[in-house]
Amino acid sequence: MKIVQDINGAHLNGYAIIGKVLPVDFNQSGKQVIEYIEEINPNAIISLGVAARRTAITGANCNKL
């Protein structure tokens, strides 16, 4: 959560960064992220989370899923 606090409200190349912390409950977080997307209408989304068994940072392009 510290990274969210650190970057929330910052600006990068003219874009405002809006940080949100979602509930850890899988059933709640999906609904919450959709509500945030509808409220904010972002140009891009960067999602960070815990993947306890992974040994490296990994990424996914949602356009290719």
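Bear in mind these aren't lab numbers, they're just calculated from the coordinates by the rules spelled out. Everything numeric in this text was worked out from a predicted model, so none of it was measured. Virtual Cβ from ideal backbone geometry, glycine too; neighbours counted across all protein chains shown.
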Per the filter on segment 2-53, residues under 12 Å from the mean Cα position of the chain (by Cα) and of a type in the set (S, T, N, Q) are Asn8, Ser29, Gln32, Ser47
Picking from Ile37, Ile3, Ile57, Ile45, the residue that is touching a residue at least 24 places away in the same chain (Cβ under 8 Å) and either surrounded by 11 or more Cβ atoms within 10 Å (Cβ to Cβ) or of a type outside the set (Asp, Glu) (or both) would be Ile3
Restricting attention to segment 1-37, the residues that are over 15 Å from Ser47 (Cβ atoms), hydrophobic (A, V, I, L, M, F, W, C) and in a loop (DSSP other than H, G, I, E, B) number exactly 1
Residues of segment 38-48 being part of a helix (DSSP H, G or I) and among the aliphatic types (A, V, I, L, M), in sequence order, are Ile40
Picking from Ile34, Ile7, the residue that is within 21 Å of Asn61 (Cα to Cα) and among the hydrophobic types (A, V, I, L, M, F, W, C) would be Ile34
